[in-house]
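Following: one structure in structure tokens, then a few remarks.
We did not get these values from a lab; they are worked out from the coordinates using the rules stated. A quick note: this is a predicted structure, and the numbers were derived from the prediction, not measured. Virtual Cβ from ideal backbone geometry, glycine too; neighbours counted across all protein chains shown.
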Amino acid sequence: MERIAYRGKSAEVDLTAIDRIEKGLKDIAHVLSLMDEGSFGLCKVCGAPIDLSILEQAPTSTECSIHRFTRWR
Ligand SMILES: [Zn+2]
């Protein structure tokens with residue numbers, strides 16, 4: 001929680017919620033750019049097609065089932 005000024009008053013705001021929303025918007029913009037490039041649905045690590053079941057649940061996924069939970073970075 002962080003205290004911010006709002007309309008002349010002080011308010012407690014959970015900035016982690018705003019950070020999550022901001023990251024979500026960045027993920028969506030990135031996926032839209034992948035669609036433009038024609039590489040949507042391909043793993044950014046190995047280039048393999050991402051399982052449809054993963055994309056159905058998380059359309060912003062950029063890793064296949066193998067690389068999704070591995071720390072390759
Ligand atoms: Zn992969």
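A few notes on this one:
- Residue, nearest to the ligand (Cβ to nearest atom), within the range 38-57, restricted to residues that are among the small types (Gly, Ala, Ser) and more than 19 Å from Asp27 (Cβ to Cβ): Ala48
- Unmet criterion (only one of (1) without any contact (Cβ under 8 Å) to a residue 24 or more places away in the chain; (2) in contact with an Asp or Glu (Cβ under 6 Å, 6 or more places away or on another chain)) for Cys43: (1)
- Failed criterion for Ile66 (all others in (1) within 12 Å of the ligand (Cβ to nearest atom); (2) touching an Asp or Glu at 6+ places or on another chain (Cβ under 6 Å); (3) aliphatic (A, V, I, L, M) hold): (2)
- Members of the range 2-50 found to be surrounded by 13 or more Cβ atoms within 10 Å (Cβ to Cβ) and assigned to a loop (DSSP other than H, G, I, E, B), listed by number: Ser39, Phe40, Gly41, Cys43, Lys44, Val45, Ala48, Ile50
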